Every structure is written in structure tokens, then in C-alpha cells.
1. Quick test of your reading of the structure: residue 117 fulfils all but one of (1) in contact with a helix residue (DSSP H, G or I) (Cβ under 6 Å, 6 or more places away or on another chain); (2) more than 16 Å from residue 18 (Cα to Cα); (3) part of a helix (DSSP H, G or I). Name the failing condition by number.
2. Go through (1) under 23 Å from residue 49 (Cα atoms); (2) within 13 Å of the chain's Cα centre (by Cα); (3) assigned to a strand (DSSP E or B) for residue 107 and report which single condition fails.
3. Looking at this structure, is residue 96 assigned to a helix (DSSP H, G or I), at pLDDT 95 or above and touching a strand residue (DSSP E or B) at 6+ places or on another chain (Cβ under 8 Å)?
4. With buried (at least 16 other Cβ atoms within 10 Å of the Cβ), part of a strand (DSSP E or B) and under 14 Å from the mean Cα position of the chain (by Cα) as the only criterion, which of 128, 155, 86 stands out?
5. Taking the stretch 26-46, which residues are more than 21 Å from residue 121 (Cβ to Cβ) and assigned to a helix (DSSP H, G or I)?
6. Without any contact (Cβ under 8 Å) to a residue 60 or more places away in the chain and buried (at least 16 other Cβ atoms within 10 Å of the Cβ): is that true of residue 99 in this structure?
7. Taking into account only those residues within the stretch 3-25 that are surrounded by 16 or more Cβ atoms within 10 Å (Cβ to Cβ) and part of a helix (DSSP H, G or I), which is modelled with the lowest pLDDT?
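The values are calculated or read from the model by the stated rules, or taken from the named source; none is laboratory data. Just so it is clear, the structure is predicted and the values come from calculations on it, not from any experiment. No Cβ is skipped: glycine too gets one built from the backbone with ideal geometry, and neighbour counts run over all protein chains shown.
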């Protein structure tokens, strides 16, 4: 999906190197067109709580979520042309997504999400620790936008991310190596 010029740290993404995530049973593979249904369901799972109080029918909610997913997907594809679009699998079943792009001084996590059955089991933390290790080895930071109300915010802070910019609904978080 992209040319990935100059991507040294992430070029090895698909070759493995996610020791902690692999120990949790996660593997990564490139996203394909066949993953769109799964990715739409994953997106919907991240918005269920937010939409629950709305007086819409299930069909209306599903239609809204599909439109929002398609808009988000198009935005990501347009604004992150050199990203790696990865599907997380657990026991060969899709479990989540990791969209990440390498910048000159930062590994930017565009999106990371797990299906509800895989949340809170340490898999996301393991993957984040692996990403942090890759960044530290390369002398880079790790950045991500996180919704202020996202329960994972506690995890990011525990891993050493700090808020560097208030973006309204989101905070821009950054992890930097000591002395970085």
C-alpha cells in the first residue's frame, strides 16, 4: 500500500521481533481487503458504549458506525501513506489492529485496538512494550493520540507516556527514552 522509503525500524515489522506480544499469543500480518469486515466490526466494538444511550435502532447504529468506519479508514489511508497496516491475530483469528508509521524521530501509532474478548489480558501492553523497545533501540520517541475517556489511558501513563498536547477530545501522548 506504500513505498516506505527510509523506514528502517519498521521494515522488520513483518519479520517478527515482538517478543512480548508473541509470548501473549499475538502475531502480526499485513491487512488485506478481506479484513475490511473484521475491521468494521472492531471499529464498532470501540464505539458501542458511546452509542448505547442513543435512541437509535440497531440498524441506524450499524449504518452510522459503518459510515464512520469508512471515513476513518479513508482518512488514515490518505494522511499516513507510509504506514504499516497490520492485523493482530491470536490463534490464527483476527484479534485487533495496529496501524503504525515511522517518522524521522518517532514511531507514530496511528491506531491500536483489540476486540473486547482480548482487552484487559495484557496483550496490548505487551505489544506497546515491544514498540517502545524498537523505538528506544532506534533512538526514537513513540507518539499516539488517545481519547481522554479511553480506559487505556492509564496503561499509556503506566508505560511512561506523557501528555504533550491537549487536542480537545484527544490527548497527544509521547513516550521518550530517558534523556531523549
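1. (1)
2. It fails just one condition, (1).
3. no
4. Step by step, each of 128, 155, 86 is checked, and only 86 is buried (at least 16 other Cβ atoms within 10 Å of the Cβ), part of a strand (DSSP E or B) and under 14 Å from the mean Cα position of the chain (by Cα).
5. Across the stretch 26-46, the qualifying residues are 33, 34, 35, 36, 37, 40.
6. Answer is yes for this residue.
7. In this case the residue turns out to be 13.
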